[in-house]
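The values are calculated or read from the model by the stated rules, or taken from the named source; none is laboratory data. Predicted model, so just to flag it, every value in this text is computed and none were measured. All Cβ positions, glycine included, derive from the backbone under ideal geometry; neighbour counts span all protein chains shown. In case anyone asks, the SASA skips ligands and DNA or RNA and just uses the protein heavy atoms, side chains included. Shrake-Rupley method; radii C 1.70, N 1.55, O 1.52, S 1.80 Å.
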Amino acid sequence: MRVWIIFLLCLAGQAFAASITEEQPILDEPVVEEEPIMEEDEVMPEGGANPVQVETGEFDEAIEIIEEDVNAENPCLNHHCKKGKVCEVDEENTPMCVCQDPTSCPASVGEFEHVCATDNTTYDSSCHFFAHKCSLEGTKKGHKLHLDYIGPCKFIEPCLDAELNEFPLRMRDWLKNVLVTLYERDEENNLLTEKQKLRVKKIYENEKRLQAGDHSLDLLAHDFEKNYNMYIFPVHWQFGQLDQHPIDGFLSHTELAPLRAPLIPMEHCTTRFFEQCDSDSDKYIALEEWAKCFGIKDQDVDKDLVI
């Protein structure tokens, strides 16, 4: 299942990237010590079921892991530690979580395992990053340090105002097409619930639906205006996929990371777009803020569509 989800991610990502005009390099502004949208390290779910984002276990800021041990009597066997920490026992055989030694992380196989952090440093893998972040725990630098995107750090072209306005056009169409793909392939009801299937079915069977393709921005804008109702559910659905831990109607930096991390190398307006979504600058993106970013009208924001 996970392999299939990753495969679908690649397909969806390629379709999204293909809609970017060729004269715009898929790069972003230089990664400096930018302030991420949100700074908390909440605990994330262990297995992301969202095909438009990376496996959450790889890039979440505080996902819990279990240190396995062949000795069933080892107290660490069922003791949970957040990413970047491992379990050890003290003199009284009591389990405790300590920062992982970066040298204990598996060596990266290739550049695809590298990650770039908000300190403009390339780490060999997410394991190396979280181990380093743990060593800074309790410091201002550690509090501001987050995983930024997948791959080595590189120059990311600045996002211009006009380009920022174009971003939601592609993103909305991409989300709609991902849901349609899920509907076509979800034979065992593992990716969409029955209620979700019914909503996507209406989109899938609509004769006016714009088929997936490399469409111009003018066509995407025209389709959104003429077939606005087709985009309401995909926008809500993606918010629900990210708002997982806790499910509270707000997206933290950690909850947003599984979507941002793979998008930034492809879309150089990603960071600025999500920063702008946080209109009240409280470090969280509420459902209302999220919907507004994607052009959904206030009267069409429905929390029931997220659940």
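What is the stretch 76-183 by shape, rounded, prolate or oblate, if you read a ≥ b ≥ c off the alpha carbon gyration tensor as root eigenvalues and call it rounded for a/c under 1.5, prolate for a/b larger than b/c, and oblate otherwise?
In terms of gyration-tensor shape, prolate.
Would you kindly derive the ³J(HN,Hα) couplings of the stretch 125-141 from the backbone phi angles with the Karplus curve 6.51 cos²θ - 1.76 cosθ + 1.60 (θ = phi - 60°), listing them in order in whole Hz, with x for Gly and Pro?
Result, rounded to whole Hz: 7, 5, 4, 5, 5, 5, 5, 5, 4, 4, 5, 9, 4, x, 9, 5, 4.
Once the piece of chain linking Phe155 and Ile307 is laid out straight, how much longer is it, given 0.36 nm per residue of separation minus the C-alpha distance between them?
Stretched fully, the Phe155-Ile307 segment lengthens by 50.9 nm.
For the cross-link pairs Lys201/Lys292; Lys144/Lys283; Lys144/Lys292; Lys195/Lys283, which exceed 21 Å when the distance is taken from alpha carbon to alpha carbon?
Checking Cα-Cα distances, Lys201/Lys292; Lys144/Lys292; Lys195/Lys283 exceed 21 Å.
Suppose each label sits 7 Å from its Cα in the direction of the beta carbon; what would the Asn206-Ser104 distance come out to in nanometres?
5.2 nm
Show the residues, 5+ positions off or on another chain, whose built amide H is closer than 5 Å to the amide H of Asp148.
Amide H to amide H, under 5 Å and 5 or more residues apart or across chains, Asp148 pairs with Cys116, Ala117, Thr118.
Per residue, how much accessible area does the stretch 161-252 have with a 1.4 Å probe, in Å²?
Value returned for the stretch 161-252: 52 Å² of accessible area per residue.
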